[in-house]
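Enquirer: Would you mind keeping the following structure in view while I ask a few things?
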Amino acid sequence: MNYKIRLDMFEGPLDLLLYLVKKDHLNIYDIPIAKVTQQYLEYINFMQLLDLDTVGDFLVMAATLMQIKSKMLLPASETSAEEEQEDPRAELVKRLLEYEKFKQIADNLREKELSQQDVFKRPKTELPAGAQAAAKEDDKYFEASIFDLISAFSQALKDIPKEVFYEVIKDQFTVEQKVHDILHLLLVETDVKLSALFSKAKDKLEIIVIFLAILELAKMKEIVARQDAAFEDIIISRNKENIIPYERRDQENPA
């Protein structure tokens, strides 16, 4: 099977590095390059399995990490023993810090933009108690990244052989059917944990198809993936801005 995923939501190599640093609470000024390189390559392996269209950019960073790792394994030069040698990680750390700063600025600007959207709006109507509680509950969430999704996927699979992935072509499960099933489930339940979707799968092949369906729904902006806190369980819900029921969409756009 060649089910290629093209995601607007996909982040870049520096995003993945920052994700790995924060996930394991690492010191960004003293990155354990061997550990991070190993984890980075594991994520690339899953991207290649999923045939994600941006994997080429990540391979360039992987080569950089391998180069830094090899430099750190070399013994110190005798000619410069008395001089302080530059840390091979220095340039990478500098790039990460600058990127993190710009990301924070972008996030702050995005928050200001969202707050301005509420300046001119219709008068608030009083919501029922249940709806108010749900609205307050929503405030605790933030959107999960693509790397959170891949992390959850890797945890669900646990050492699946690469050749097994390509057996998803079996008619037993299809991405299109899982997309329909998940949207139908979200018409019944407001929120669904991604781990719960995986736990109901009959085998690893079904887990893969569920994950591909989640990526497809994210690409179509049909769902939002959220978390209570960083690196916790991912919760899937309908995107309120694109709430047309899947069944009605089939009627409006007949094949």
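The values are calculated or read from the model by the stated rules, or taken from the named source; none is laboratory data. A quick note: this is a predicted structure, and the numbers were derived from the prediction, not measured. Here the Cβ is made from the backbone with ideal geometry for all residues, glycine too, and neighbour counts use every protein chain on show.
Enquirer: Which residues, taken from region 81-114, are basic (K, R) and at pLDDT below 85?
Expert: K103, R110, K112
Enquirer: Name the residue, out of L52, L59, L65, that is crowded, with 19+ Cβ neighbours inside 10 Å and modelled with pLDDT under 90.
Expert: Only one candidate qualifies: L52.
Enquirer: Something else now. Could you check how many residues of region 217-247 are over 13 Å from the mean Cα position of the chain (by Cα), at pLDDT 75 or above and over 14 Å from L194 (Cβ atoms)?
Expert: 7
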